[in-house]
Structures are given as C-alpha cells and as structure tokens.
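What follows is a short report on a single structure.
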Amino acid sequence: VHGVHAPLFCPAGVAAFGLVTAGWIFGSGARFAGREPQPAAAAEQAARAGRKAALLSATGILLIGLASAYAVYQPAQAARKVEDGYHLLADGREAEALEKGRDASDVDPTSDRPYYLIAAAQVSLKQLKAADATLAAITSMQPANPEAWVRLADFRLNTKDDPEGAIEALGP
C-alpha cells in the first residue's frame, strides 16, 4: 500500500535455549553434593541410573533446543519471504510478489507483514476489492494492532479515494 516497506524481524525468544540449559546446569549441582561412599554393587547401580538420567536430560534439552530453533526459524523465514516479495514488487513482478506474500502467511500466519505485501501486490494488480478485504482481514485478526487500522485507512483514503471509509477504519 502507500509507503510500503519491509521491516527487519527480531525474534524475542532467541535466548530461551540458553536459559533452559543454564538452569539445568546450575540446578544439577545439588544432585552431586554430599554423596557418601557406597558399596560397589550399589555404586554401579547408582552410576547406571545416573547415566540414564543424564541421557534423558540431554535428550530433553536437545528437544527443547530444536523446538526453540524451529520457533525462531519460522518467523525469520516468513520475514525473508516478505522482503523478497517487496523486491519482486519493486521489479514489477506483482503476481510473484503476491505468491511470496501468500507463502509467507502460510509459514507465519500470526504476522501482519505478509498481508501488507499481499495487499500491496493486489493494488499493483488493480485488485482493489481484494486489497481492501486483505487489509480488513488484518484488522479483524489483530484488532489491537494500530498499524493495521492506519494502513486500512490510508488505503481507503489514498488509493480508493474513499474518505468515509478511511474515517470508518480509524474509528476503532
């Protein structure tokens, strides 16, 4: 839409894996403090149990790390697709930009950025009703997001020449 730009994405949960790992390391020290000598059979059994516990802990940390990496990767991948879409749009390849926007919204459906790209591509393709519907959909998905309402109002005022629609969009 008017003043289209592609902001950088900065995920907030990047440090989660490090925090979980640090908590496990600092919390595991209490298990090893204050041990008394044990008979050989009991010591061997305790060692096996300790290895199993360590393996389970390491597996848990690995799974948490993979989940954290995936949670960070998905929005970053969507942001790259949006940025690529804006470059395609600037090169006059509107249909490809529209497809990139749809791909990005599939990857990260909670982000509003792919929808702004989709709307910009729809405007370039002269699909004004579709662009209005796309921007209106963002406002219903994220009613507390002021940028969505402002972009809808900007589109209605400057692209559709609909001041009443723009004022209506700014109501919320």
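Quick notes
- Averaged per residue, the stretch 118-172 has 53 square angstrom of accessible surface, using a 1.4 angstrom probe with ligands and nucleic acids left out.
- Eligible lysines near residue 129 by straight Cα distance, threshold 23 Å, same-chain separation 8 or greater: 100, 160
- Charge dipole of the stretch 48-172 about the Cα centre (unit charges at C-beta), most positive-ward option of 95, 64, 153: 64
- Distance between modelled label sites at residue 67 and residue 110, nm, 7 Å Cα→Cβ extension: 1.4
- Taking a ≥ b ≥ c as the square roots of the eigenvalues of the alpha-carbon gyration tensor, the stretch 33-172 is classed prolate because a/c is 1.5 or more and a/b outweighs b/c.
The values are calculated or read from the model by the stated rules, or taken from the named source; none is laboratory data. Keep in mind the model is a prediction, meaning the values are calculated, not measured. Here Cβ is always computed from backbone atoms with ideal geometry, including for glycine, and neighbour counts include all displayed protein chains. When the accessible area is computed, the model is the full protein with side chains, heavy atoms only, and any ligands, DNA or RNA have been set aside. Shrake-Rupley method; radii C 1.70, N 1.55, O 1.52, S 1.80 Å.
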